[in-house]
1. Measure out, as a whole number of angstrom, how far apart the alpha-carbon centroids of region 82-143 and region 1-70 sit.
2. Which far-off residues, 5 or more places away or on another chain, put their amide H under 5 Å from the one on residue 123, with H placed in the peptide plane?
3. On C-alpha positions alone, give me the angle between the axis of helix 16-25 and the longest principal axis of the chain, in degrees, nearest 10.
4. What distance in nm separates the two pseudo spin-label positions at residue 25 and residue 95, each 7 Å out from Cα along the beta-carbon direction?
5. For residue 106, project a label point 7 Å along Cα to C-beta. Then give me every residue of region 40-57 with its amide nitrogen under 11 Å of that point.
6. So what are the three principal axis dimensions of the chain from its Cα atoms, in whole Å, longest to shortest?
7. How much length is gained if the chain between residue 39 and residue 166 is pulled fully straight, taking 0.36 nm per residue apart and subtracting their Cα-Cα distance, in nm to one decimal?
8. Run the simple label-point estimate for residue 117 and residue 87 please: 7 Å along Cα→C-beta, distance reported in nm.
Amino acid sequence: MNPTSIEIRPASPEDHEAAIPLIYSSGPAAWSYVFEEGKYSPFDFLASSFVRRGNTISYTNHYVATIGKEVVGTILAYHSSSFLLLNGGTAFRILSLYGAKSFSVIGRGLTMEKMIQAPKSGCLYLGHIAVSEKHRGKGIGKDLIRHVVNQFPKYGKVSLDVSQVNPNAIGLYQKLGFKTVEARSFQGIEGRVPNHYYMEADPKEILNSV
């Protein structure tokens, strides 16, 4: 195998050290807003959740891109039929880590969910799309999206949310056929988290895009 070739595979618990910073980089303001509480940082929450099953952050919902043994990209995928159970598992992880301060974290999470909403029925949802800085510009983000879409052929629509102040990501998604369906505003303190666009695409268009 070419040591510089890109491979994409399901994530494993052993990927946590490389995957967690990448996942955080997919939306640092949002992660910090919700999960910075007392002595705990978003990284503490991500670390405790990624290695366990049954929650939205779990490795079981992620794929990683690798070059050799190095994890260079991440992507999450789930759908409406699994989201309710996974979200319940995430709430349990919050309670387990934050204890008495959990309700503050959950409250901020509910504020975020007014902007970044649950997946629509029949729609494959993508998130946590991130590529390490030194490997950007190599088409890894595009490859991750296409790979995951190809793994879930039964879904007739693919969706994601993207920060309105992330033009590079918006441009990538548009090239893959994503179109803005709705501009959504953050409902918390203004300026804490960027407003987002909710985008959708036809999976066939994603797979056939140049």
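Laboratory data are not the source of any read-out in this text; all were calculated from the coordinates shown. Note that the coordinates shown come from a computational prediction; the quantities given were computed from them, not determined experimentally. When we count neighbours, we look across all protein chains shown, and the Cβ atoms used for this are built from the backbone with ideal geometry, even at glycine.
1. 11 Å
2. Here 80 satisfy the definition.
3. Approximately 90 degrees, to the nearest 10.
4. In this crude label model, residue 25 to residue 95 measures out at 3.5 nm.
5. Those under the cut-off are none; the list is empty.
6. So the three principal-axis extents are 49, 38, 31 Å.
7. Value of the extension gain: 42.8 nm.
8. Rounded to a tenth, the inter-label distance reads 1.1 nm.
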